[in-house]
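**Student:** Can you read through this structure? Questions will come right after.
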């Protein structure tokens, strides 16, 4: 019950104060440059990585990126920059 | 994100992680603050990634908790490059030795070329150069500089009027002008011979033309000596008058000789200082300290180093300090007179030709004032007074 309350307060604050939602609510911020690069902030770790598929842990659920010839250009605890040919980005909610 | 270009200088490693939890290994590493980049999948269970080589101890700690096997594939960047260079130090030594060889060879004398000289003169020049140490295979720094070579050559070889010395790269070029030029072809245009100054004719030799004066005649300036018009009045012919007419001429000279003269003389003591010059800065290499001369003369020679055809910004500088002394020379009256006569004669000889001779020398007046001896000398000289005067023919 208390967690739900907290969530509601946060949502309210972001709405009323016009703060960016990714900051307040731990949502991923995804930047894509065409099909070449994808830059994800606020991820929670790498689950699977291969040439054609990358699976990232998020706070709620997972992010699945499909494409081909993937290379992780940089990886930091909360940021990742992926290079390759990106075809699809899925949000998987449990 | 971190700037990546510094990685090259700090050094980084390419790592191969093999095992099921390769992704987890990467997560663990990033959470510990390691910088990881260029992650690639090769095969189903293998990842390749790059990391800073200073983070390897941290990787080892993480490894213990992981079930992956890690292999370092390759070290890249400056620290590894240095190590490789050290391992193959032979190449480095070879490279340095090669550059050094070229450097030394670029600073040697590789050729001596003498232009416009007769074989005999060329031989004399080459012999003189040999004596001076200008030889093929010598290092340029131990050879005199261009100006000195030029001066020494023209001093020591009498047959040279002028010698141009030029150093082009590793070759010395000598351009020679010899004293004995082929005689000018004498003018054959119709001419008279006239006197160039007033004189008493002492000796006549007429080659061509009709003489108008006799020995012991007094002639004034511009007077006709030998006419170019020959033959009888009705059948005159114009020729180019030729001949040598020697006349007695007079000169007056005045000289003043101070009884006491101050001179600055080098007394032979000298010190050399050697520097390595880079731009405006001179690094002393040899010869420190002040020799402590009362008066000195300073001479600076700068020789640039060469590499192939380029001049390097580094040059060799030599400073020579020569000790000077002041000397007072004093004459007695007789000595001063003697010296004065010598000076006046030398001065007169400068104006005269080689074939002219001084037949008489007389001191007209001798006086002494303000510590100076004043001489007035009269000379009688026998010289060629004939000069050509073209006959202009009117049609």
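The values are calculated or read from the model by the stated rules, or taken from the named source; none is laboratory data. In this text the structure is predicted, and so the values were computed from the model without any measurement. Cβ coordinates were reconstructed from backbone atoms using ideal geometry, including for glycine residues, and neighbour counts include every protein chain displayed.
Listed here are the residues, each with its yes/no results for (1) out of contact with any strand residue (DSSP E or B) (no Cβ under 8 Å at 6 or more places or on another chain); (2) within 9 Å of chain B (Cβ to nearest Cβ); (3) modelled with pLDDT under 95.
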{"site": "A:8", "(1), (2), (3)": "yes, no, yes"}
{"site": "A:13", "(1), (2), (3)": "yes, no, yes"}
{"site": "A:24", "(1), (2), (3)": "yes, no, yes"}
{"site": "A:30", "(1), (2), (3)": "no, no, yes"}
{"site": "A:42", "(1), (2), (3)": "no, no, yes"}
{"site": "A:45", "(1), (2), (3)": "no, yes, yes"}
{"site": "A:53", "(1), (2), (3)": "no, no, yes"}
{"site": "A:77", "(1), (2), (3)": "yes, yes, yes"}
{"site": "A:93", "(1), (2), (3)": "yes, no, yes"}
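**Student:** Answer with yes or no whether residue B:347 is free of Cβ contacts under 8 Å to residues at least 60 places away in the same chain and surrounded by fewer than 16 Cβ atoms within 10 Å (Cβ to Cβ). Don't jump to the end; show me each part of the working.
**Tutor:** Details: free of Cβ contacts under 8 Å to residues at least 60 places away in the same chain: no; surrounded by fewer than 16 Cβ atoms within 10 Å (Cβ to Cβ): yes.
Spelling it out, it is not the case that residue B:347 is free of Cβ contacts under 8 Å to residues at least 60 places away in the same chain and surrounded by fewer than 16 Cβ atoms within 10 Å (Cβ to Cβ).
**Student:** All but one of (1) in contact (Cβ under 8 Å) with a residue 12 or more places away in the chain; (2) more than 21 Å from residue B:41 (Cβ to Cβ) hold for residue A:18; which doesn't?
**Tutor:** Exception for residue A:18: condition (1).
**Student:** Name the residues in region B:11-24 that are more than 10 Å from residue B:70 (Cα to Cα) and in contact with a helix residue (DSSP H, G or I) (Cβ under 7 Å, 6 or more places away or on another chain), would you? Break it down stepwise before answering.
**Tutor:** Of region B:11-24, the ones more than 10 Å from residue B:70 (Cα to Cα) are B:11-14, B:20-21, B:23-24.
Answer for region B:11-24, where residues must be more than 10 Å from residue B:70 (Cα to Cα) and in contact with a helix residue (DSSP H, G or I) (Cβ under 7 Å, 6 or more places away or on another chain): B:11, B:12, B:13.
**Student:** Residues being assigned to a strand (DSSP E or B) and farther than 27 Å from residue B:265 by Cβ: count how many of those fall in region B:303-348. Even if it seems obvious, please write down each step before you answer.
**Tutor:** Kept after step one, since they are assigned to a strand (DSSP E or B), are these residues of region B:303-348: B:303-307, B:310-330.
From what is left, the residues that are farther than 27 Å from residue B:265 by Cβ are B:303-307, B:310-316.
The number of residues fulfilling the criteria is 12.
**Student:** Every residue in region B:224-250 that is surrounded by fewer than 17 Cβ atoms within 10 Å (Cβ to Cβ) and under 51 Å from the mean Cα position of the chain (by Cα), please.
**Tutor:** B:243, B:244, B:250 - these are the residues of region B:224-250 that are surrounded by fewer than 17 Cβ atoms within 10 Å (Cβ to Cβ) and under 51 Å from the mean Cα position of the chain (by Cα).
**Student:** Here's a follow-up. When you go through B:76, B:83, B:65, B:71 one by one, which is the residue that is over 18 Å from residue B:34 (Cα atoms) and either surrounded by 11 or more Cβ atoms within 10 Å (Cβ to Cβ) or modelled with pLDDT under 90 (or both)? I'd like the intermediate steps shown before the answer.
**Tutor:** Details: B:76 fails: over 18 Å from residue B:34 (Cα atoms); B:65 fails: over 18 Å from residue B:34 (Cα atoms); B:71 fails: over 18 Å from residue B:34 (Cα atoms).
Only one candidate qualifies: B:83.
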